[in-house]
Every structure is written in C-alpha cells, then in structure tokens.
Number of protein chains: 4
Amino acid sequence: MQSFKCIGLVGRLASESTQYSLNRLVSFLTKQSVEVLMDEETSSAMPDCSLEIAARSELGARCDLIVVVGGDGSILSAARSLAGSKVKILGINRGRLGFLADISPDAVEYRMGEILDGQYFLEERFLLECQVFRDGQLISQGVAMNDVVLHPGKFIRMIEFELYVDDEFVCRQRSDGLIISSPTGSTAYALSGGGPIMHPNLNAVVMVPLYPHTLSSRPIVISGESKIRLAISEANNLNPHVTCDGQTHAVSQAGDEIEVMKCGRLAQLIHPKGHSFFETCRSKLGWASDTAGD
Amino acid sequence: MQSFKCIGLVGRLASESTQYSLNRLVSFLTKQSVEVLMDEETSSAMPDCSLEIAARSELGARCDLIVVVGGDGSILSAARSLAGSKVKILGINRGRLGFLADISPDAVEYRMGEILDGQYFLEERFLLECQVFRDGQLISQGVAMNDVVLHPGKFIRMIEFELYVDDEFVCRQRSDGLIISSPTGSTAYALSGGGPIMHPNLNAVVMVPLYPHTLSSRPIVISGESKIRLAISEANNLNPHVTCDGQTHAVSQAGDEIEVMKCGRLAQLIHPKGHSFFETCRSKLGWASDTAGD
Amino acid sequence: MQSFKCIGLVGRLASESTQYSLNRLVSFLTKQSVEVLMDEETSSAMPDCSLEIAARSELGARCDLIVVVGGDGSILSAARSLAGSKVKILGINRGRLGFLADISPDAVEYRMGEILDGQYFLEERFLLECQVFRDGQLISQGVAMNDVVLHPGKFIRMIEFELYVDDEFVCRQRSDGLIISSPTGSTAYALSGGGPIMHPNLNAVVMVPLYPHTLSSRPIVISGESKIRLAISEANNLNPHVTCDGQTHAVSQAGDEIEVMKCGRLAQLIHPKGHSFFETCRSKLGWASDTAGD
Amino acid sequence: MQSFKCIGLVGRLASESTQYSLNRLVSFLTKQSVEVLMDEETSSAMPDCSLEIAARSELGARCDLIVVVGGDGSILSAARSLAGSKVKILGINRGRLGFLADISPDAVEYRMGEILDGQYFLEERFLLECQVFRDGQLISQGVAMNDVVLHPGKFIRMIEFELYVDDEFVCRQRSDGLIISSPTGSTAYALSGGGPIMHPNLNAVVMVPLYPHTLSSRPIVISGESKIRLAISEANNLNPHVTCDGQTHAVSQAGDEIEVMKCGRLAQLIHPKGHSFFETCRSKLGWASDTAGD
C-alpha cells in the first residue's frame, strides 16, 4: 500500500534541469498506483505533459504530497502557499546545495520509491506571520518561512525603530534594519548577518540587527511564542520596507507598527530516511575542512 | 502576613561593602516578623552578628528565602547549592552591575519591604548537568548555572573533539574549546565568545566554539531537552579541562566522553517587581548610546 | 601673529544649534585680526550675517582655514571639495559625538583662540578615488574620504563580482556588496560591518564584505598604494550602485569595471592640541565601561 | 650558473613523510652543483644520511638557502633563528595546507629545479620583538614571526592591563588577553580571534582582543613603526603569560611592562614563481564555495 494517493508536481520555471527532473518524475510516478497532477503554472513550461493540470490551490486540496523540483526558494514558496493544510512537501534539489530541497536529482526514482513505501522523515516547520498597522488599522499582512526583514529600502541609509517583545520595551535601534528569523531561516540570510544556527525543532525566533550603530547590539533569541513589535520612529525621513522571505510585502512609514509572531499554520516537510540536519550543515558550511592557519 | 517565614543571609567574603549591606539587612529584617539565619561561612567575617548561624545545607532546609549579597558569581554559587529545593534566591548587588543580583544596595530596605509583602517577580532557571565518562564509567559530575566549558587547560593549544547532539554526529572540531551555555549564561562568557543573547525563559542551550579552526563554525542553539556529548579525540596529546561556571570540575583524557544536559533541578530566582531582562541588557550592554561613527 | 589670515565659515543647513554656534564664531573672529568669509550656501540660512559671502570654490582659493560647524558628514563634504588645496579644515561638533568634528560648541572661543595662536594638531588624511569603466571608457568618477561602497541598490538581493588587487585575482564574491574604506572611514560604516579600526596615520585600505555568502570571507587590509578593481559579473540581473561617502555616485551594469585607489590629493584636518584618536575611540565606542556579564 | 651555492636542509622531526621528502631532496640536490648541508638536529632522525652535518647557527653562516620540510610551524622556527642573515628560506609543505610552506611534496624536483635556475618569488617578512620589563629592568626578550600573545596562563580567568601605542593611552582592558600579530600572523591565530586578513607586504600590526569584556572592543590596525606597550595592572591576582609564536616566553606579574615592536631583522622567504597570496587564501579559507543558505 502506498503512503500517498495523490501527488502534485511543482517546478521552478525556465530551468532545463528542472524540466529534465520533472520528466523523470512523471515517468516514474505514472507507473506507480498514484494519481499525479501537474501544477498549472509549471505546466506552461512543459507543453508535452499529458498529466491532469490543476491550480495551486487545487493541488493543496486534492494532493497528499507535493513534490517541488527546484531550490530552497521554490520550497519556501510552496510551503507558504500550502501551510495549514495536511499536504506534505518534498524537495528535489535543482538549486545550489539546499537546506530544504535535499533529494539529489540522480536519485529521484530510488528515493521516491522509498518515500512511497513510507520510508521518510517528517518534520513540521512553523512559519512567521507579519502584520503592518497604521493608525491602529491592519494595512498589510504576510507569511514567511525563513524570515521577515525590516530594511530602509534604499542602501546606505539608517532606520530608527523601537523594538518590543511581548509588549516589553527592548531597545531603540538605529541600524540598517532587522532580520526576524525562524529556525528554518537561521541558516539563510540571518547566518550571513551573524546570527546563530538554530536547530529546526527549536521553538524559537532570532532577531538579528543589520549593521547596528551600537556595537554591543547582538542577536537575541526569544521563545517562538513571543510577539515582536517594531514601532517605526517618527524621526525617519524614509519609508522602511518589510519583506517576507525576501519578497517585498509592505512599505511602512513613520508611526507604523509591525507585528511578527508565529503563524498558526505549520508546513509539513518530508526528507529521505537517514536525513540529518547537521549533515546538511557539514556539507553546506564546509565544516569538514580546517581553514584558519596553523 | 509575610510572604516568607525564614530568611537566610549569605554574603561574598572579604568585602567591606558586602558587610555594610549585610548589617543594613540584619537591622531591617530583625524588626520584621521573620526568622533570620546567617550562613556559617559568611558569619566568620561578621564577628558581632547575633543571628543564629547555620550551615549552607541547613539554610536550604529551613529557609524559604535566601538573600545573597555580592555579585553574579555569588548568586551562581548559591543557586548551584540550592537548586532542587523550593527556597527562593534574591540578590543584593555588590559586584559590577549584574544580570542576576539586581537590587541596588541603596534600596535594600525599600525593596525588601516590597518583597516581604509579596510584591516580587519569580522566575525558574534551569541548570546544566555535566558528566565525564572514562571507559564507560562515570568519573566526575558537576552542575552549572551559566555554562560548561571544555578547554585545553593550557593556552595557545588546540583540542580536537567530536560533537554529538542526541547521539547524532554534528562535527569534528579543532578549536580552543567549546562553551555550552544556558540562557542564564548567554549574557556571560558565551557573549564575549560571539554567542547570541537568549531570553531567560527560553528552553534552549547554545554551543559556542572557542576560536575554531574552521571559520564557518558558528554558535548553534538547540532545544533544552537535547543531550550533548563530546568525545575527546585520541589525537589529543593534552588533557582538556571541563569547567562548570568557571570552576574546574574535571581533567579529561583522550577517549573520554563528556555529556551535558539540562539538570532536573531548577533554581528559583526572585527579582523586584518591575524587573525587566531587557532593561538589564540596556544598562549592562550600553544599548542606549550610539557608538559606530556617523 | 596669527596662524591664519583668512577664515571661511561653513555650517550644516537647517539647524538652529549650528546657527547659534556660527553666530558665536562670527562674534569672536570679527574681533581678531583675521579676514572672515561666509560660505554662500550657509549664508542663505543666516539673513542677518554681515560677513562677505563667497562660493565654496572661492573659499578654497582665498582662505587658509575653513571652520565647519556640523557633524562628521559636514566635514566629509568640505574635505572632498577642498582636498588638494592647502586650506586647513577644523570642525565644531554639532552632530552626535564625532570622530572628525571634535571641538565642543561650548569651548568655541577658547579653542579658536588657541588655534589662532598656532596651538593645534595637524594631520593629513588621504581620500579614495573611484572610477567606473564601461567597455573601457571612463563613465563616472568620484572621491570619498570615508568609503566607497558597492551595493545592489535594492535590498535583499545579492550581487556577484570579481575582486582584484593590483591586477591579481582575489576572489569571486556573492554578497550584499563591499565596503572599501580608508582609515578615516574605518570607524564609520566599515566598523558596523565588522571591519577593524585603523589608525588615521596608517597607509592602508580595508575591504569589508557585506553579508557574504561564504562564511569564511573576512575583512582584508591592503596597502594604501594598491589599486582595487571590481568586475561586475555578467550573471547579475540588477544594477549595482556605487556610493562615495554614502552618496550615490554611479549605477553600474554587468561587465562594468570599478577601480578604487588612493587619490593624489590630501585633506588637511586640524584638531585642538592634546587631540587623541584613541581618546575619541574611548568616548565614542564606550571602551571605558565593562559590558559582558561577570 | 646556480642561484644558490650552499643549501641547508631542515626537517620536522618524527615524521615519516618529512623523511621521505628529505630523501628525495637529497637525491635531487646532490646531483646539482651545490653544496648541501644537513641540520644537526634533523640528522638525528636520518641515520643513513651521508651529508655533512652542521649546527643551526652554522647553517645560517654558511648557506644561502635553507629548505625547510614541514608545516608553517617549522618555517616560523627557522625564520626566527635565521632572521637578520641574508639566507633565504623555502618551505616544502608536510603539514596541513600552509600559508608559508607552499611547495607540494610531489613537485619537489621540478620546483627546486626552477628555484636553482633563479625562478622564484622573494619576499621579506618582518618579525616582532617582545621585551618584558620589571621595575624598569629588561627581564626577558623574544622574537615572533606570527604573533605575540598575552594571556592569563590559566583558562576562564580574565586579565586586566593598560594598552599604550607610541606612549599614548589606548584603553584599560579586561579580557582573556591580547593577540599582537604581524601580517604574517594575520592568517593564523589572529584570524580565529576575529582579526582582519592583512596582506604580507603591509607595514602594519593588528591588536586583537581575546574575548573582551567590553563588547565594543575591536581589532585595531596600527603602523608597523609603532611601539605597543602593555602595563599589567596591579589588580591582577594571577601571572599573565607572554608567548611568541605560541611558545611561552615569559610569565609576567602585576606591575610589569611588555613592549612589542617591529624587529630590526627581516626574514627572507622564497616562493615558487607564480606564487599568489590570495590564491593561498582561496584554497585555505574555502572562498571558492558558497556556504550560507540560498
């Protein structure tokens, strides 16, 4: 008996290697006793595909597994749109070595076979919800799996804001901005910014200041249950942007308040059996090799 | 009705300012309807003290509140010896501005009055337990509130060890050592070492490598429920030391295994009402003032 | 005999405190045997000023001292426009505590008196020259006292470029950009970015990567005589910006080459006697106070 | 005509791979028209060696080239003992990938042939001199090619000292110590400590604080002509150690003064033609590979 009854396929557009892997997947899956649907947007790049085509929302409703062919960015996008449903997400890696998409394209048939047999590792990842308020009214809201970033919009400009956690004042900060990252995002932009690595199963959020004016500013890890609030200072003469997973989501103005907290919906990621978060760290971060001088 | 029936007094030895604060405390408390005991070791520096004297273990058994006069180090010491009992610990600050001892000596009577009236903020802090195994036998064990540190014992010498979390291999590391810190310790040595600040209520532990040979090594935050294991490599030609809160606790040798995990016993700290962890950060870390150039 | 015969006054616009300090300066200087000129742009904010008015270029030609009232930004601007002439520049601080403008507004008369008596500390600071080439043609050039910064123009976007020093390949870098800083700029943006402090008398330039993808990327200090070249990779699908002292100076495109080297012209800064670079560091960077926990 | 008339051979002891490379060197060199001497200490591990044996000091006096087989540590040791003479030093790498010993053991004959033909790259590296004074008397002095390090001798103990540059007060520091590094040493211990990479031709020294108590402490780069002075505070209740290239050189006490400045003698290193400092950085520091997440 198969673990999954209906599988949806999603691929990064405009990538030959993705189409090659999708075709291998289609060949393999259509020989199994599963229903296979093709994502509508993805199908536009695969004119010869004979699969039934479905919009993204329909995939979420009908499938119990979505296979995403692409990089971590493709998985992030799928996870944001499917969070809260029970559909599981699996990534075939067609980007640089990824933290999320971790099945090698060479092993597609072998790994898919295992997974259909129920041999996989499931993990739930939480997402962040971001809301922007102006004069007390919600004017914008977004969801991020990696991070919510407040930044000046223009480069080489500082922004000033007040930071609160659970309505307790933390600090007034002048900086290039702030990264608010989930454990999932801790190995992405937040890591370049000097944040710690957080294990995916940790119920925590890290706030990493971007080039803070105050040299003693440091990344702060708080509980995943806490609510973060940023109050954009009246002193700002520019309009700080808010991005979710690197996509601009809102342009704020002085006096606005931005709230970030854990989203109620979880994403269901699956990995091949034997998956190890730390193994991915070792590969991606080059921990195996000594680097500093003797 | 008083919140506390029996109060024990502990002070940092050989400090005039501590004795001054202890005397003010004694004057104040003996006028309240509470029993007051003096710690035996502390009493040696206070020859004129007329209070009943008790050993540290008796203090733990009889008191419901211990007031520690000193710096964060004095609180750490009291917390290690009293963890697991229900006795609460309060700090009067006589060191440099502290994260744990946060009552100003000028406000002793005022703050103690509030606290006896039940106006205080209680928080439970977890401790770390550290066990050293040789040939499978437990040869040493210790408790730390801030951090367990593995280091070479001698300076300018690297050690090599393997790191495991929940029996999963993380990495083989060559470095000056490793800090394993609780949230309480995250604002102490781990912070100098580049670790993040962790909120005291977070159920997490951070591992901060000391001057790692591999430049991509980063602090890693894991769940407070995880078990850390360090295997001292056979390649070492020196004897790495293990310290708990900066006190040497064991000298290891090649082949030893060191396990660190959350201790079952909690310390009960109390703070004056209105206490704010972030306020202490702002004061101690100078967040109020801009420092980098314009 | 006065050290200076003709003094030009320049002030940050739209600042009441600057006007107050300028008025005090005018009162004091007009009683001394020196000629005093007012900068044309500055005079627009001082309608009652009876001084002779001169354009910036005329100030450079006629004066032997320019007094700038404002913050470090005002000094940077004056230094860029006056570099190469023999005119000396003095700063009265009306911004946040500054590294360059270091005379306190309260001590204007006292310090100016000393300086007119020849009691001052003179230092020459070098500037950086930045040239952008497209298809081998120079399309843009600028001068910076603090830093030349290459950045993506938009936030949360990586740029890719190749870095050469004296025509030797250094690395291909994917990052948020690169700060190229003089010693003067090492206490400004480069410091927030993790660069070292460089003593003002050092003949060196530091290159600080902005949030590099490769975690082992580090600031690199090279000789002030070296020529830096950045080749914008063809892979970029955006237009990296080049800024000089935070002012956008050019928008580059794939294939462009950007050269940065020491400018032939020096700026002549003067400080009150007893000036100490390290004293400024201690004040600005809060070195006096302990911050990490006990 | 050969570039070198008399070549001395030095090897790291107790290493089979070193002996193998030494034997290959001996075979090759004895067929060339050069005189070849074997270092006395090294010869003890090579009983069958038929070469003339000479003490280290005699090597310095008679040879014009010393070939060192080993790691960077072996080169450092040879350079310290030969600095000031005109003898050139070449390294055959038998350690981990090195910054100094950069000839691959596989290419010994080929590269030695080139070098004997005069095809090599010569660079002069300066050394640091370290002097310890007690009550105004010089009590100890040493030489370092990489770095002079002040540290507490014991771990998890802070030391307190005052730092002066050219007799100007810089700061009073509480930390685990201080690394004073030449450009040569900037890719060794100082790099693990957060210091910048400095190009070998830079006339500069960097001071890197070890886990400073003050979070705004940063590496400071000063001119190679400056004199650094450390005054050990009376407050210390331990005896800070001073090491030169990782070898303990002196144990200081409260009140001592330690002076570090550029040594008058230079070391003459040679590299194969085509040598590139930045190429070594790319290999050793893994700059080629992306590491942070997508």
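The values are calculated or read from the model by the stated rules, or taken from the named source; none is laboratory data. Nothing here was measured: the structure is a model prediction, and the numbers come from that model. Don't worry about glycine lacking a Cβ; one is built from the backbone with ideal geometry, like all the others, and counts go over all protein chains shown. Note: accessible area is taken over every heavy atom of the protein model, side chains too, but ligands, DNA and RNA are not part of it. Shrake-Rupley method; radii C 1.70, N 1.55, O 1.52, S 1.80 Å.
Just a few scattered comments:
- The shape of the range C:3-55 comes out prolate: with a ≥ b ≥ c from the C-alpha gyration tensor, a/c is at least 1.5 and a/b beats b/c.
- Euclidean distance of C-alpha centroids, the range A:244-291 and the range D:1-54, integer Å: 56 Å
- A 1.4 Å probe run over chain C, with the rest of the protein chains in place, finds 36 Å² accessible per residue.
- Taking amide H atoms as placed 1.01 Å from N in the peptide plane, the amide H of residue C:171 lies under 5 Å from those of C:163, each 5 or more residues away in sequence or on another chain.
- Kirkwood hydrodynamic radius over Cα pairs of the range C:6-118, then Stokes diffusion coefficient at 25 °C and 0.890 mPa s, in µm²/s: 179 µm²/s
- Across peptide D:203-213, the mean count of Cβ atoms from other chains lying within 10 Å of each residue's own Cβ comes to 5.
- Crossing angle, helix D:72-82 versus chain D [Cα axis fit, 0-90 degrees, rounded to tens]: 90 degrees
- 10 °C / 1.306 mPa s Stokes-Einstein diffusion coefficient of the protein assembly as shown, Kirkwood radius on C-alpha pairs, µm²/s: 48 µm²/s
- Put a dot 7 Å past the Cα of residue A:253, heading toward its Cβ, do the same for residue C:55, and the two dots end up 3.9 nm apart.
- Lys, Arg +1 and Asp, Glu -1 on Cβ, resulting dipole of the protein assembly as shown about Cα centre, debye, nearest 20: 0 debye
- Antiparallel bridge percentage (DSSP; both residues within the protein assembly as shown; nearest 5): 70 percent
- Table column - 3J(HN,Hα) (Hz), the range B:110-117, Karplus curve with 6.51, -1.76, 1.60, x for Gly and Pro: 4, 6, 5, x, 4, 5, 5, 7
- Other-copy label distances relative to residue C:124, 7 angstrom Cα-Cβ extension, nm: 2.3, 6.9, 7.0
- Among A:80-90, C:130-140, B:68-78, the order from most to least packed when residues are scored by Cβ within 10 Å on average: B:68-78, A:80-90, C:130-140
- Rounded percent of accessible protein surface that carbon and sulfur make up, the range B:6-118, 1.4 Å probe: 47 percent
- Carbon + sulfur, % of accessible area of the range C:127-264 - ligands and nucleic acids excluded, 1.4 Å: 42 percent
- Global form of chain C, assessed from the alpha-carbon gyration tensor, a/c cut-off 1.5: prolate
- Using a 1.4 angstrom probe on protein heavy atoms only, the contact between A and D buries about 1600 square angstrom of accessible area, both sides summed.
- This model, with +1 at the C-beta of Lys and Arg and -1 at the C-beta of Asp and Glu, gives the range B:6-118 a dipole about its Cα centre of some 260 debye.
- Calculated FRET efficiency for the pair residue B:279/residue D:169, C-beta based, R₀ 25 Å, to 0.05: 0.15
- FRET efficiency estimate (nearest 0.05) - Cβ-Cβ, residue D:62 to residue B:30, R0 60 angstrom: 0.10
- For chain A, the Cβ-based charge dipole about the Cα centre amounts to some 200 debye (Lys, Arg positive; Asp, Glu negative; other atoms uncharged).
- Along chain D, the longest continuous region that contains none of the GluC sites (Glu not before Pro) in a DSSP loop with at most 13 other C-beta atoms within 10 Å is D:1-224.
- Karplus-derived 3J(HN,Hα), 6.51/-1.76/1.60, for each residue of the range D:261-266, Hz, glycine and proline x: 8, 5, 7, x, 8, 9
- Separation between Cα centres of the range D:59-94 and the range C:155-225, rounded to whole Å: 33 Å
- Nonlocal amide H pairs with residue B:210, under 5 Å, H built at 1.01 Å: B:176, B:177, B:178, B:179
- Under 5 Å from the amide H of residue D:263 lie the amide H atoms of D:127, D:128, D:129, each residue being 5 or more positions distant or on a separate chain, with H modelled from the backbone and absent for Pro and chain starts.
- Scalar couplings 3J(HN,Hα) for the range C:118-124, obtained by applying the Karplus form with A = 6.51, B = -1.76, C = 1.60 to θ = phi - 60°, are x, 9, 8, 10, 9, 9, 9 Hz; x denotes Gly and Pro.
- Across the identical copies, the 7 Å label point of residue D:227, projected outward along Cα→Cβ, sits 3.9, 6.0, 6.3 nm from its counterparts, in ascending order.
- Residue list for the range B:179-194, given a label point 7 angstrom along the Cα-to-Cβ vector of residue A:203 and an amide N cut-off under 20 Å: B:182-184
- q = 0.24 Å⁻¹, the range B:190-288: log10 I(q)/I(0) [Debye, one scatterer per Cα]: -1.52
- Dimensions of the range A:127-264 along the principal axes, based on C-alpha atoms and rounded to the nearest Å, stand at 39, 33, 29, largest first.
- Helix C:16-29 vs. chain C, principal-axis angle (Cα, 0 to 90°, nearest 10): 50 degrees
- The range D:57-125: C-alpha gyration tensor shape, a/c 1.5 cut-off, then a/b vs b/c: oblate
- Each DSSP beta bridge with both residues in chain C is either parallel or antiparallel, and the antiparallel ones are about 70%.
- Average Cα contact separation per residue, chain D, under 8 Å, 6 or more apart, as relative contact order %: 19 percent
- Copy-to-copy label separations for residue D:201, where each label sits 7 Å from Cα toward Cβ, in nm and ascending: 2.4, 5.5, 5.9
- Entries in D:5/D:31; B:5/B:88; D:227/D:284 that, when Cα-Cα distance is taken, lie over 20 Å: D:227/D:284
- The calculated 222 nm mean residue ellipticity attributable to helices in chain B amounts to -5500 deg cm²/dmol, summing -39500 (n - 2.57) over DSSP H runs of n ≥ 4 and dividing by all residues.
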